Amino acid sequence: MTSAAIEANGLTAYFGSRKVVDELTMVVPRGSVFAFLGRNGSGKTTTIRMLLGLLEPARGTSSVLGVDSKHLSDDVRARVGYMSESHSLYEWMSVRQCGEFQSRFYSRWNGRVFDSIVGHFHLDPRAKAGQLSRGERAGLSLAITLAPEPDLLILDDPAIGLDPVARRSLLESMIYVTRGADRTIFFSSHLLDDVERVADYIAILDRSVLRACCSVDTFRASVHRYAAHFGSASTIPSQLPPIRGLLHGRRSANDWLVTIAAPSNDTLESLRVLGAASVEELPVDFTDAMIGYLGDRGEHAFFLDDTAARDSFGVSV
Amino acid sequence: MPLTISILTGSTLSIHRQIVEQVCAAVFSGRVKDDEPLPSVRALAEQLVINPNTVARAYAELAREGVLESRPGKGMFVSQRRQIYSARERARRMDQAVASLVSEGFMLGFSPDEVIEMVAAKMRHADSRKWSNPFHKGGAR
């Protein structure tokens, strides 16, 4: 059995002549919580649809749970829980009926999981699906997705449009899922606070190109920010020379504030030779790091990959 | 007062680091007693709504550092505190901590006397029994 829950190799998709996913190669380790990040329109949903065999790639291959995406049998599909952005539900069914209806498609259906998630989102089992709020619909979709106890959970922007209480319920449900040691969650999101809470790994898609695929810790440790102080406005350079790994640079009166990926001694040296009186490292939070990484001015040549060399998961203490 | 940990997202400290630091603070202030088990990985993860792997890694680091110890079948406990660092390593770590305190105090505009008084006040709050614990005796080499 392969240790990857998802593998993609050079996945490429076009809409017309526009390339929407460009040679995407990544590995999602089994048992991980993996966040798939990127701005709107960067190709996340298209990638997910290719992984699930719902869209044929122009080039490249992928597999989920070790099976080629193009040939997913019903048995394999039953082990993959997929929640799309749209939460398609039969509007005229009640919450309870939705569960009963779905349960017939699965040999493995845990009614207790369904009931506990419905309860967690405070849904009335008699309420009609069509009359639920956005957050309640998400709760019902999640209950339907989780009740078959999938080995791999793929959630396409599950938190979109949720209020803070529903968002928290969603996160709690995701953490609950990790009780099954071998379960993998692959989810896309824009909510970096939530990602920081639950993700082991992140992949960042930027305008159809994968630019990072690594653990959250590696990502945080790789993005650094420095303030280079110059003595006066006359000594500060108006432009920065090319600096390896430069993601973002902003000039204020006597300082250059730069964000750099994986800096080396050379990088710092190149700031000093500009004539900076001092170079001070500033702390970076996860959101800063992400925005720096996706910012427009950055170099686009980085790829941090440590999913292959992962440390042990589910250390039981 | 039992162990209370609060997690801030969007902080410059990773969640992993926040757990390590808060457990350390709770242990050294005596808020967690020697024979009191810490919450299980799963329980703490669910309480804080964070990834259990993060908690497990933080506990593992605390165990490596000699702050906690794992008692098989019973969970994590405050370590009986055999000193695990060499004398030089202890001095290096303390020096680093003091240097960062001094520079923070300077940046925030406190006078040396004020900083010393603040440290003294904190010391008075720390559980004196813990302080007198022979932290530096035992297995150091």
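For region B:65-88, state whether one or more residues are within 30 Å of A:ALA289 (Cα to Cα) and either acidic (Asp, Glu) or more than 8 Å from chain A (Cβ to nearest Cβ) (or both).
For region B:65-88, residues within 30 Å of A:ALA289 (Cα to Cα) and either acidic (Asp, Glu) or more than 8 Å from chain A (Cβ to nearest Cβ) (or both): present.
Take region A:282-296 and flag every residue that is surrounded by fewer than 12 Cβ atoms within 10 Å (Cβ to Cβ) and within 14 Å of chain B (Cβ to nearest Cβ).
The one that is surrounded by fewer than 12 Cβ atoms within 10 Å (Cβ to Cβ) and within 14 Å of chain B (Cβ to nearest Cβ): A:PRO283.
Please enumerate the residues belonging to region A:59-108 that are over 16 Å from A:ALA129 (Cα atoms), free of Cβ contacts under 8 Å to residues at least 40 places away in the same chain and touching a Gly at 6+ places or on another chain (Cβ under 9 Å).
A:ASP68, A:SER69, A:LYS70, A:HIS71, A:LEU72, A:VAL76, A:ARG77
Among strands (runs of 3 or more DSSP E) lying entirely in region A:1-81, which contain 2 or more residues that are surrounded by fewer than 20 Cβ atoms within 10 Å (Cβ to Cβ) and over 18 Å from the mean Cα position of the chain (by Cα)?
Qualifying strands (runs of 3 or more DSSP E): A:4-15, A:18-29, A:59-64.
Here is a check on your reading of the model: is A:GLY119 among the small types (Gly, Ala, Ser), in contact (Cβ under 8 Å) with a residue 24 or more places away in the chain and farther than 20 Å from A:PHE186 by Cβ?
Considered against the rule, which asks whether it is among the small types (Gly, Ala, Ser), in contact (Cβ under 8 Å) with a residue 24 or more places away in the chain and farther than 20 Å from A:PHE186 by Cβ, A:GLY119 comes out as no.
Considering each of B:GLU104, B:GLU46 in turn, give the residue that is without any contact (Cβ under 8 Å) to a residue 12 or more places away in the chain, in a helix (DSSP H, G or I), within 13 Å of chain A (Cβ to nearest Cβ) and surrounded by 12 or more Cβ atoms within 10 Å (Cβ to Cβ).
After applying the criteria, what remains is B:GLU46.
Working carefully through the options B:LEU3, B:LEU13, B:LEU8, find the one that is in a loop (DSSP other than H, G, I, E, B) and either more than 14 Å from chain A (Cβ to nearest Cβ) or of a type in the set (Val, Ile, Thr) (or both).
It is B:LEU3.
If A:LEU191 satisfies every condition in (1) more than 10 Å from chain B (Cβ to nearest Cβ); (2) more than 21 Å from A:PHE114 (Cβ to Cβ); (3) among the hydrophobic types (A, V, I, L, M, F, W, C) but one, which is the exception?
Condition not satisfied by A:LEU191: (1).
Taking region A:201-243, which residues are free of Cβ contacts under 8 Å to residues at least 24 places away in the same chain, surrounded by fewer than 16 Cβ atoms within 10 Å (Cβ to Cβ) and not polar (S, T, N, Q)?
Selection gives A:ALA221, A:ALA233, A:PRO242.
Scanning for something more than 12 Å from every other protein chain (Cβ to nearest Cβ) and either surrounded by 20 or more Cβ atoms within 10 Å (Cβ to Cβ) or in contact (Cβ under 8 Å) with a residue 24 or more places away in the chain (or both), does region A:167-181 turn up at least one residue?
No, that holds for no residue.
Each value in this text was obtained by applying a stated rule to the coordinates, not by laboratory testing. Because the structure is a prediction, the values reported are computed rather than measured. Ideal geometry is used to build each Cβ from the backbone, glycine not excepted, and the neighbour counts take in all protein chains shown.
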